[in-house]
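To start, the structure itself, in structure tokens.
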Ligand SMILES: [Zn+2]
């Protein structure tokens, strides 16, 4: 090697060393930003750091999880606790110092879900919206788009849209909230667990200066409306509670950034339960045993529990003088597609499928869920009515009314193919000891059957208290259920 090269290499090394020594001696290595807070606001996880960090997200499978890497970043000296309630799709949140300068936050998920990441230009706040999707199509109701693990990153530099004006337009039949925005942004409508409450999430919207303080349309379908604006534009929400099972949908105007939230009486929700034709579908049957529960040497099959409850529902509905069609009345094998086909051929008003839930690992989940297809507003209304009544009697966790696309991209075939409002009830977990003891109990089966009928009646005729008051004096009750479920602002959550 020529001397001139050796000199050059030594010079570079010395220079590098000098820089290193200088940096250490003056302590000029700046303190890395640290993780400050993890805060849930509905389905959005806010990740706050003390300075600018770069955020990288990706998903891993088995178990399904979203990984969020923050760099450069360190853990704070004081331990942090996540704030707020994680959405049901999240099993747990973990975080740790993954590398010297990388903090990793991991969300363990129960179901596949989309997510969208937004960051502020300052780089100290990242918002991970679960269930949010690609900005196109612009209007997204829960489950409107296929579940996917692909991250859909929103543009971090685009300023939030502003909500300029709102106006209710009401007729006797429906109430429509028209909202004028400065630009189109994705929004999402999602049922809340309790009663007839939904939330419209607007993750990139900040309130304008001229919004009303009172959003009440004074319409018999609408019980309460609460707007929670976020001046930073990270997330504004509208919570709406209806007096009965109602069909809610959102839609953008074709050529202007005006979004309409429409509240309607859902399909087949007129008249009396006795005038309705209901198809009851006991899940599985024959060679399809469904999920399995084990008590020592004895085995319980989902198909048998589903049939037992379904026959009770049939008897109760017949007593009500309603018309009932069963997809099976014994342990016969019925093709999946023949079930909704039968309901469609009969021109039934409702399709109700009864199942038991299960998890890969016994005793890892408990509770009641009612599924509706994709973002169908009528199916969602029926699911809310039935979930409300069934969850009230099971004595098990209320897992809410949920879209079936949270489970399969295309949803459940029996719901997708049904042309009438359709739901699938997962009464309880057959491979959870506590749930299974209940599922096997004839008294519990009867309570559930009665609750399913009560939910159906509430969908068709309205809630009992509301019916009484309307019959007598035409005054809307303060609360549809007499339950003091106040709508909370994010600060209270
Ligand atoms: Zn099943």
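I need the strands (runs of 3 or more DSSP E) fully contained in region 176-247, keeping only those with at least 2 residues that are at pLDDT 95 or above. Even if it seems obvious, please write down each step before you answer.
On the way: elements: 188-191, 197-202, 205-207, 222-228, 236-242.
Passing ranges, in order: 197-202, 222-228, 236-242.
Among the residues of region 407-419, which ones are buried (at least 21 other Cβ atoms within 10 Å of the Cβ) and not in a loop (DSSP other than H, G, I, E, B)?
Within region 407-419, the first condition is being buried (at least 21 other Cβ atoms within 10 Å of the Cβ), and the residues that meet it are 411-412, 414-415, 418.
414, 415 - these are the residues of region 407-419 that are buried (at least 21 other Cβ atoms within 10 Å of the Cβ) and not in a loop (DSSP other than H, G, I, E, B).
Any chance you could count how many residues in region 252-275 are surrounded by fewer than 17 Cβ atoms within 10 Å (Cβ to Cβ) and either within 16 Å of the ligand (Cβ to nearest atom) or not in a loop (DSSP other than H, G, I, E, B) (or both)?
Residues flagged as surrounded by fewer than 17 Cβ atoms within 10 Å (Cβ to Cβ) and either within 16 Å of the ligand (Cβ to nearest atom) or not in a loop (DSSP other than H, G, I, E, B) (or both) within region 252-275 amount to 3.
Among the residues of region 253-263, is there at least one that is modelled with pLDDT of 95 or more, over 19 Å from the mean Cα position of the chain (by Cα) and over 30 Å from residue 45 (Cα atoms)?
Checking region 253-263: not a single residue is modelled with pLDDT of 95 or more, over 19 Å from the mean Cα position of the chain (by Cα) and over 30 Å from residue 45 (Cα atoms).
Among the residues of region 349-402, which ones are more than 16 Å from the ligand (Cβ to nearest atom), under 15 Å from residue 445 (Cα atoms), touching a strand residue (DSSP E or B) at 6+ places or on another chain (Cβ under 8 Å) and not in a helix (DSSP H, G or I)?
Across region 349-402, the qualifying residue is only 396.
From 404, 376, 433, grab the single residue that is surrounded by 20 or more Cβ atoms within 10 Å (Cβ to Cβ) and under 24 Å from residue 301 (Cβ atoms). Give the derivation first.
Working: 376 fails: under 24 Å from residue 301 (Cβ atoms); 433 fails: surrounded by 20 or more Cβ atoms within 10 Å (Cβ to Cβ).
Result of the check over 404, 376, 433: 404.
Pairs under 6 Å by beta carbon, first residue farther than 30 Å from residue 431 by Cα in region 271-289, partner within 14 Å of the ligand (Cβ to nearest atom) and modelled with pLDDT under 95, six or more apart or different chains?
Short answer, once both residue conditions are applied: none.
Can you work out which of the residues in region 325-348 that are part of a helix (DSSP H, G or I) and without any contact (Cβ under 8 Å) to a residue 40 or more places away in the chain is farthest from the ligand (Cβ to nearest atom)? Quick ask: steps written out before the conclusion?
We begin by selecting, within region 325-348, every residue part of a helix (DSSP H, G or I); these are 338-346.
Filter again for without any contact (Cβ under 8 Å) to a residue 40 or more places away in the chain, leaving 338, 345.
Values: 338: 16, 345: 23 Å.
Once the filter is applied, the top-ranked residue is 345.
Report those strands (runs of 3 or more DSSP E) wholly inside region 276-315 carrying at least 2 residues which are under 27 Å from the mean Cα position of the chain (by Cα) and away from the ligand (no atom under 12 Å from the Cβ).
Details: elements: 277-282, 292-295, 298-301.
In region 276-315, the matching strands (runs of 3 or more DSSP E) lie at 277-282.
The values are calculated or read from the model by the stated rules, or taken from the named source; none is laboratory data. Values in this document were obtained by computation on a predicted structure and should not be read as measured data. Virtual Cβ from ideal backbone geometry, glycine too; neighbours counted across all protein chains shown.
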